[in-house]
Amino acid sequence: SDLFDKRTQKTYASSRLATRHSVAFESAYERWYKNGTKTVPNDLQLTSLTMSTWFCDDGWIGFSSKSKSGLKLKLSTHGFTHPDVARLAFMLNQRYCNGFNVYQDKNASYIAAANTPARLILEDIVDCIPDCMKRKISFLNLP
């Protein structure tokens, strides 16, 4: 079905997937929801595909308000415990470079970085972003 986005004033094709219970999702559920609590699996690896999926679902990138050449990146981590968010930030700092920090926004936390770390993630994921999600980075005029 089509979905109108008030922010961009454009209509995008969309689809929804909803399951009540399926054995196909049980192993993923057990990894991500220990005892019904959202958790980061111990064996999580931040691959290009993992990062692309995270960015497409819960990421934002834009120019710094102070400098139109500076980039800011935000990765939402809603629902995870503070120790899990801190571990994700640590993993990002190890994979890319230092500069990923945990912030609190209202009742939820997120991880953010600017400039070099943001550019490193973009370089890593740009080829993994599906065409339907390229709108999230189209304003950057990447090759």
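Picking from 99, 79, which residue would you name as being assigned to a loop (DSSP other than H, G, I, E, B) and closer than 27 Å to residue 16 by Cα?
Exactly one residue qualifies, and that residue is 79.
Being out of contact with any Ser or Thr (no Cβ under 8 Å at 6 or more places or on another chain) and surrounded by 17 or more Cβ atoms within 10 Å (Cβ to Cβ) is not true of residue 114. Condition test on residue 132, is it open to solvent by 40 Å² or more (accessible area, probe 1.4 Å) and either more than 27 Å from residue 5 (Cβ to Cβ) or not polar (S, T, N, Q) (or both)? Criteria met by residue 132. Considering the stretch 11-52, the residues that are among the hydrophobic types (A, V, I, L, M, F, W, C) and touching a Leu at 6+ places or on another chain (Cβ under 8 Å) include one that is surrounded by the most Cβ atoms within 10 Å (Cβ to Cβ), namely 40. Taken over the stretch 102-143, the criterion of being within 15 Å of residue 75 (Cβ to Cβ) and in a helix (DSSP H, G or I) is satisfied by 117, 118, 119, 120, 121, 122, 124, 125, 133, 136.
Taken over the stretch 98-143, the residue count meeting the criterion of being in contact with a helix residue (DSSP H, G or I) (Cβ under 9 Å, 6 or more places away or on another chain) and on the phi > 0 side of the Ramachandran plot is 1. Among all residues of the stretch 20-36, there is none that is farther than 21 Å from residue 81 by Cα and modelled with pLDDT of 95 or more.
The values are calculated or read from the model by the stated rules, or taken from the named source; none is laboratory data. The shown structure was predicted, so the numbers you read here are calculated from the model rather than taken from an experiment. Cβ atoms come from the backbone with ideal geometry, glycine included; neighbour counts cover every protein chain shown. Only protein heavy atoms, including side chains, enter the accessible area calculation; ligands, DNA and RNA are left aside. Shrake-Rupley method; radii C 1.70, N 1.55, O 1.52, S 1.80 Å.
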